[in-house]
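Nothing in this text is a laboratory measurement; each read-out follows from the coordinates by a stated rule. Note that the coordinates shown come from a computational prediction; the quantities given were computed from them, not determined experimentally. Because the Cβ atoms are built from the backbone with ideal geometry, glycine has one as well, and the counts that use them run over all protein chains shown.
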Amino acid sequence: MILAKSMSDIIAVVPARGGSKGIKRKNLKILGKEPLINFSLKTLLKVKEINRIIVSTEDKEIKNHCKKIDKKIEVLDRPLKLADDKTPLTSVVHYVSQQLNQNNQYHKFVLQVAPTCPFVKTNSIKKLIKILTSKKSNCAVTLKKIEHEHPYRAKILNRNGSFNQFIKNINVEKFISRQDLPILYCTSGAIYGRSYNLLKNFTHKDFCFGKKPYGIVLDEIESINIDRLIDFHFAELIVKEKINK
């Protein structure tokens with residue numbers, strides 16, 4: 001059977017496996033009054049520029065849960081080989097994109113959205129989409145300002161307990177005050193936006209940024225990425241404060 005061709009400008013892929021180890025069943029863990037994954041999905045539903053929202057998971061409970069949130073949310077099976085601890089999320093998104101393409105479901109841009117970043121605002125997503133669709137770049141990602149764990153403060157700890165500076169070619173000792181340090185950013189992990197043409201050539205050996213990536217800076221709350229239990233507890237405080245307000 002030949003499937004009819006379809007075209008979507010922007011799809012959002014949410015990788016959500018069930019076997020997280022740092023926090024057991026993290027994506028379904030209750031944050032405030034609802035499962036963690038609900039936050040990202042409900043935010044995406046508010047962004048009218050997104051044509052399709054697709055959850056990629058190998059977990060039956062996550063599949064059933066996401067289908068109940070909204071009929072606009074699609075759920076696609078993730079192969080077990082892509083549900084490992086060390087599987088790059090870009091590999092998951094690449095797989096989904098290629099599967100859609102093989103079924104004549106074409107798309108121009110793909111957003112890789114982490115359900116572990118519950119506080120990203122709709123305006124930030126819209127801003128990122130605007131960069132992609134304006135053809136400034138075929139890649140735009142969310143960034144966060146590096147504060148306390150600045151690279152210039154990084155040390156290599158030797159076996160005997162002594163340490164050396166990690167950065168060798170800069171006299172980092174002259175930056176005594178935190179205010180003197182150069183302002184640097186790192187990826188927040190929340191969203192990676194790419195054109196389909198960039199993603200289809202992903203080699204699985206890098207972050208697939210392309211030649212001229214753009215970044216949008218998230219605020220401190222938006223930048224929260226829940227990897228450890230302490231991150232989850234901090235997120236609980238944020239949600240509790242919002243509920244009380």
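I'd like the full set of residues that are under 14 Å from the mean Cα position of the chain (by Cα), of a type outside the set (Val, Ile, Thr), crowded, with 19+ Cβ neighbours inside 10 Å and in a loop (DSSP other than H, G, I, E, B), limited to the range 109-146.
Those that are under 14 Å from the mean Cα position of the chain (by Cα), of a type outside the set (Val, Ile, Thr), crowded, with 19+ Cβ neighbours inside 10 Å and in a loop (DSSP other than H, G, I, E, B): Ala114, Pro115, Cys117, Pro118, Phe119.
Which of the residues that make up the range 165-188 are surrounded by 10 or more Cβ atoms within 10 Å (Cβ to Cβ) and without any contact (Cβ under 8 Å) to a residue 40 or more places away in the chain?
Gln165, Phe166, Ile167, Ile170, Val172, Phe175, Arg178, Leu181, Pro182, Leu184
Can you tell me which residue in the range 189-229 is surrounded by the fewest Cβ atoms within 10 Å (Cβ to Cβ), limited to those that are out of contact with any strand residue (DSSP E or B) (no Cβ under 6 Å at 6 or more places or on another chain) and aromatic (Phe, Trp, Tyr)?
Phe207
Name the pairs: first residue in the range 64-79 and free of Cβ contacts under 8 Å to residues at least 60 places away in the same chain, second residue of a type in the set (Phe, Trp, Tyr) and surrounded by 17 or more Cβ atoms within 10 Å (Cβ to Cβ), Cβ to Cβ under 8 Å, at least 6 apart or on different chains?
Pro79/Tyr95
For the range 44-64, give me the residue count where each residue is part of a helix (DSSP H, G or I) and either crowded, with 21+ Cβ neighbours inside 10 Å or out of contact with any Leu (no Cβ under 7 Å at 6 or more places or on another chain) (or both). Walk me through it before giving the result.
Step one: list which residues in the range 44-64 are part of a helix (DSSP H, G or I), which gives 44-45, 60-64.
Applying the additional criterion that residues be either crowded, with 21+ Cβ neighbours inside 10 Å or out of contact with any Leu (no Cβ under 7 Å at 6 or more places or on another chain) (or both) yields 44-45, 60, 62-64.
So the count comes out to 6.
Return the total of residues in the range 95-108 being part of a loop (DSSP other than H, G, I, E, B) and either in contact with a Pro (Cβ under 6 Å, 6 or more places away or on another chain) or without any contact (Cβ under 8 Å) to a residue 60 or more places away in the chain (or both).
Matching residues across the range 95-108 total 0.
Conditions (1) farther than 24 Å from Leu218 by Cβ; (2) touching a strand residue (DSSP E or B) at 6+ places or on another chain (Cβ under 8 Å), marked per residue:
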{"site": "Arg25", "(1), (2)": "yes, no"}
{"site": "Gly32", "(1), (2)": "no, no"}
{"site": "Pro35", "(1), (2)": "no, no"}
{"site": "Ser40", "(1), (2)": "no, yes"}
{"site": "Leu44", "(1), (2)": "no, yes"}
{"site": "Glu61", "(1), (2)": "yes, no"}
{"site": "Ile73", "(1), (2)": "no, yes"}
{"site": "Gln112", "(1), (2)": "no, yes"}
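May I ask you to list the residues in the range 18-43 that are in contact (Cβ under 8 Å) with a residue 12 or more places away in the chain, outside any loop (DSSP other than H, G, I, E, B) and either surrounded by fewer than 20 Cβ atoms within 10 Å (Cβ to Cβ) or of a type outside the set (D, E, K, R) (or both)?
Correct list: Asn27, Leu28, Leu31, Pro35, Leu36, Ile37, Asn38, Phe39, Ser40, Leu41, Lys42, Thr43.
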